[in-house]
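To start, the structure itself, in structure tokens.
Here, each number is a calculation from the coordinates, and none is a lab measurement. Just so we're clear, the structure is a prediction, and the values are computed from it rather than from any experiment. Cβ sites come from the backbone with ideal geometry, for glycine too, and all protein chains shown count toward neighbours.
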Amino acid sequence: MSETLASDRPQTPMQAIMDPASRADPYPLYEQLREKPVWHEPDGSYVISRYEDVARLIRDPRLSVEPQNSPRGGQGLSFLNMDPPAHDRLRRMTMRHFGPPNDPGRVEAMTPALEAMVTSLIDAVRGQDRIDVVANVSYPFPVTVIADLLGVPREDEPRFHAWAEGIVQSQDRDPREPGRRTESAEKAFQELAGYMFDLISQRKGAPRDDMLSRLVNDDGPDGVMEPGEMISVSVLLLLAGHETTVNLISNGMLTMLRQPHLLQLLKDNPAIAPGFVEEMLRYEPPVHFTFRGALCDLDVGGETIPKGSALQLILASGSRDPRRFERADTFIADRPNNQHLGFGSGIHACFGAPLARLEGQIALKEMARRLVNPRLLQDPPPYRFNPTLRGPRALPVAIDGVLP
Amino acid sequence: MSAPCDVVIVGASLAGLRAAEALREGGYAGRLTLVGDEPHAPYDRPPLSKQVLSGWVRPQETFLPRLHPIAGAWRLGVAASGLDTAAQRVDLADGTALDYDRLIIATGTRARPWPVEAEAGLGGMHLLRTLDHAAALTAALEAKPSRVLVVGAGFTGSEVASACRDRGIEVTVVEQGSTPLAAVLGPVVGGHAAILQRRAGVDLRCGVSVTSLFGDVQGRVRGARLSDGNVVEADVVVACLGAVRNTEWLAGSGVQAGPAGVPCDAACRALSADGAPTDDIFVCGDVSHFHHPLAGERRIALEHWGNAINQARVAAANLLRPGSATNATALPAFWSMQFGANFKSVGLPSHGEQVMIVQGALETGRFVAAYGRGGRIVGAIAVNQAQWLPFYEQQILAGAAFPPDWRVVDQPQGATPQPAGFPGATPGAAYAGA
């Protein structure tokens with residue numbers, strides 16, 4: 001959708017949400033969305049924004065994520081854009097190397113390494129009275145983690161950063177075919193795929209202690225991954241691993257800077273970090289929407305959504321729905337029964353959630369503890385373009401020092 | 001009727017414990033007494049045939065977590081022996097008695113004993129229902145028997161066989177029906193269970209029964225003779241013949257009770273002889289016998305973990321505030337783990353007339369089967385596909401059409417409904433184990 005076109009006609013709340021001017025605070029628009037269970041958009045898609053509907057539909061087998069069924073969805077991101085049984089097989093083969101039952105304790109065992117990374121990133125800003133939380137911590141931390149985990153050399157970060165930006169930030173920018181990648185994004189995707197192919201080829205038969213080696217050399221109950229599958233899985237993990245946790249950490253720090261009592265609370269009680277991060281995933285989640293296609297007619301809120309329709313499920317709105325969460329617009333660090341939609345749900349629930357949780361806990365806890373008197377210098381901060389993977393481009397903060 | 005101030009709960013397992021907690025959570029501050037025939041504090045039964053037998057969890061590690069302080073008196077190790085509803089008094093087996101102004105009956109079931117008394121007393125004979133049973137059977141499996149014979153391939157029997165294979169022990173399963181789990185899930189899904197058993201190395205004999213057991217001069221079991229003339233030698237025999245409801249103590253009490261259980265209404269109130277609900281006696285858990293909208297005219301009993309908890313809450317709520325809760329809307333659900341497969345069900349599969357694979361495929365070991373009756377979906381079982389069950393739950397509650405007219409991911413091509421194949425309706429039939 002182009003901005004000139006959008007201004008020519010009356011805007012629906014969803015069209016207003018897509019507008020970059022709404023990026024800093026889409027929540028009042030989500031509230032408008034929730035006034036009706038279903039919005040039929042001018043582009044033909046259906047927008048669902050209430051918690052109960054989103055939580056139900058996201059687990060509904062009548063909805064597909066495959067590009068031919070899901071006109072608004074992405075494409076080519078491996079099992080993210082596949083339905084069962086192909087999805088299940090590929091995700092199972094990948095999960096074998098990332099957690100229970102085959103590899104329990106893998107994420108937990110990363111704790112000391114993650115703490116060391118955050119320590120050195122915060123050490124590096126000693127002596128500065130001004131930092132950019134995004135550039136100094138929230139970006140480099142998860143990117144280094146996912147690169148190390150996969151076995152992608154840290155020194156190649158500038159290259160894959162540029163490709164990732166090209167792919168993610170261009171989403172929904174092609175006015176002709178929403179959901180399709182622009183030419184530049186397609187080029188970035190091909191280059192990243194070629195880069196991963198080279199890495200994978202190196203690991204074949206010469207394994208190191210990393211996930212790429214495990215993926216390429218494994219012969220588990222589901223057999224061996226095809227080279228194409230391996231490339232798409234590793235591209236997905238690299239992108240997802242560094243386009244989402246960045247926003248969790250930035251959004252978390254921004255929330256604490258706006259509500260300094262939260263900063264103090266986490267500083268005084270670092271043990272509450274797990275519940276604190278869960279509430280952050282509800283209150284300011286890194287991923288705002290997800291897309292599906294209807295395989296048959298569906299009834300939602302008394303309306304029939306016809307077969308073949310595109311659905312936009314607004315996760316971030318569901319997590320703020322007062323029908324489900326008391327005082328939904330308030331950050332409550334120890335909120336009980338917090339079944340937020342921050343990681344989605346159902347078979348496509350976030351693959352990296354255990355790692356993202358740990359990263360978020362460590363980063364927020366350490367920043368709260370070590371940064372002396374942090375103050376927000378720009379409110380709202382500048383935002384990235386993407387309305388789905390939503391987060392600040394930069395988060396300038398003044399500090400009075402750094403504790404050891 | 002005056003407000004409750006002296007509540008007695010007979011039965012100190014899952015339903016009794018959760019009812020007690022719900023009473024306190026609901027603000028009840030009066031006297032509370034729990035009576036249990038076993039000497040143990042309330043423990044969780046599902047792991048006994050799974051993690052405990054496999055050796056992952058020790059029997060004494062299955063005690064139930066406490067959700068709310070009970071501040072009650074415990075009478076453990078003593079069974080209730082009688083009830084006088086007019087005097088509002090429970091008699092106990094040790095000759096003492098308890099007065100009540102409200103009573104909750106949660107006496108559950110016991111394992112059906114081996115029918116031939118002389119054979120039942122042989123060494124190496126086992127049942128599986130209680131913590132003590134599980135401890136004894138676990139010890140027997142740890143002694144590395146040369147072969148275990150499991151009689152009955154319901155959920156409990158199948159799980160026992162699975163644990164034996166996990167431990168590398170030879171096991172023979174004898175089942176009267178045409179497949180394992182046939183009485184619960186029908187022969188279509190049961191056929192898959194048979195494949196799982198045989199693939200795991202179980203010597204599975206279906207359509208056969210045990211005619212007698214034989215022992216050695218020390219009085220230890222040596223094996224069994226089967227109805228097909230074959231003989232199975234085994235030094236451990238586990239009788240998994242289903243459950244018997246603990247209702248004998250209610251005989252002559254004026255509260256309806258019998259082999260099918262203790263009938264109750266949707267408020268979990270026990271019924272007096274004339275069929276009218278009592279206002280001071282409530283029933284919950286495996287022992288209850290009740291109407292469920294999915295089951296039509298027949299009363300059913302559900303030996304399900306979730307049903308025990310749900311009815312405990314309903315009973316406690318209505319005890320404190322009459323008419324405040326109903327059991328009618330809860331959908332039955334159960335699960336089983338066997339041979340590396342997760343079975344999980346919603347609704348009432350065993351009430352189905354037809355069955356149909358609606359997602360996945362039997363051959364892959366990952367599928368959902370839906371059961372239909374009268375043109376509506378009444379139940380579903382997922383094998384290694386539990387993530388889809390909330391959808392089927394919604395469809396069952398909505399009375400969706402069967403065969404289904406939807407399209408879903410991983411839908412098998414050309415699937416059609418088949419006869420569900422349940423052996424004739426058994427009055428008061430319940431699901432074995434799990």
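In a DSSP loop and with at most 11 other Cβ atoms within 10 Å, the GluC sites (Glu not before Pro) in the range A:304-404 are A:GLU326. Model label points for B:SER146 and A:ARG130, set 7 angstrom from Cα along the Cα-to-Cβ axis, are 8.6 nm apart.
Between B:ALA163, B:ALA317, A:MET117, the Cα set farthest toward the positive side of the dipole of the protein assembly as shown (charges on each charged residue's Cβ, about the Cα centre) is that of B:ALA163. Of the chymotrypsin sites (Phe, Trp or Tyr not before Pro) in the range A:317-404, not one is in a loop by DSSP (not H, G, I, E or B) with at most 14 other beta carbons within 10 Å.
Between B:ARG58 and B:VAL244, the modelled label-to-label distance comes to 3.3 nm, taking each label 7 Å out from Cα in the direction of the beta carbon.
For the peptide A:82-91, the mean number of other protein chain Cβ atoms found within 10 angstrom of a residue's Cβ is 4.
With 0.36 nm allotted per residue and the present C-alpha distance subtracted, the B:LEU76-B:ARG376 stretch has 103.4 nm of extension available. By the rule of a C-alpha distance below 14 Å, with chain neighbours fewer than 8 residues away ignored, the aspartates and glutamates paired with A:LYS204 are A:ASP218, A:ASP219, A:GLU226.
Each Lys or Arg adds one and each Asp or Glu takes one away; over the other residues whose Cβ falls under 10 Å from the Cβ of B:LEU122, this sums to 0. In terms of surrounding Cβ atoms within a 10 Å radius of their Cβ, A:TYR46, A:TYR195 rank from fewest to most as A:TYR195, A:TYR46.
Scalar couplings 3J(HN,Hα) for the range A:19-29, obtained by applying the Karplus form with A = 6.51, B = -1.76, C = 1.60 to θ = phi - 60°, are 5, x, 5, 8, 4, 5, 8, x, 5, x, 6 Hz; x denotes Gly and Pro.
The relative contact order of chain B, computed from alpha carbon pairs under 8 Å that lie at least 6 residues apart in sequence, is 15 percent. Relative contact order of chain A: 26 percent, from C-alpha pairs under 8 Å at least 6 residues apart in sequence.
Only Lys, Arg, Asp and Glu carry charge here, each on its Cβ (+1 for the first two, -1 for the last two); on that basis chain B has a dipole of about 780 debye about its Cα centre. Between rounded, prolate and oblate, where does the range B:371-422 land on the alpha carbon gyration tensor, with a ≥ b ≥ c its root eigenvalues, rounded for a/c under 1.5, else prolate if a/b exceeds b/c? Rounded, since a/c falls under 1.5. Close amide H partners of B:ARG147, meaning residues 5 or more places away or on another chain with modelled amide H under 5 Å apart, are B:ASP235, B:VAL236. Place a point 7 Å from Cα of A:PHE197 in the direction of its Cβ. Which residues in the range A:226-256 have their backbone N less than 16 Å from it? Within reach of a label on A:PHE197: A:226-236. Cβ crowding within 10 Å, taken as a proxy for footprinting-reagent exposure, orders A:ASP83, B:ASP132, B:ASP101 from fewest neighbours to most as B:ASP132, B:ASP101, A:ASP83. Among the lysines, which have Cα under 25 Å from the Cα of A:LYS307 when same-chain residues fewer than 8 positions away are ignored? Answer for A:LYS307, where 25 Å is the Cα cut-off: A:LYS36, listed by chain and number. Summarising the label geometry, the points placed 7 Å from Cα in the beta-carbon direction at B:ALA401 and A:ALA86 lie 3.0 nm from one another. Based on DSSP H segments of at least four residues, each scored -39500 (n - 2.57), the protein assembly as shown has a per-residue ellipticity at 222 nm of -9500 deg cm²/dmol.
Partners of B:LYS50 within straight-line reach, counting lysines whose Cα lies under 28 Å from its Cα and excluding those fewer than 8 residues away in the same chain: B:LYS144, B:LYS344.
As a rough footprinting exposure proxy, the listed residues B:SER146, A:SER64, B:SER162 were ranked by other beta carbons within 10 Å of their own, and the order from fewest upward is B:SER146, A:SER64, B:SER162.
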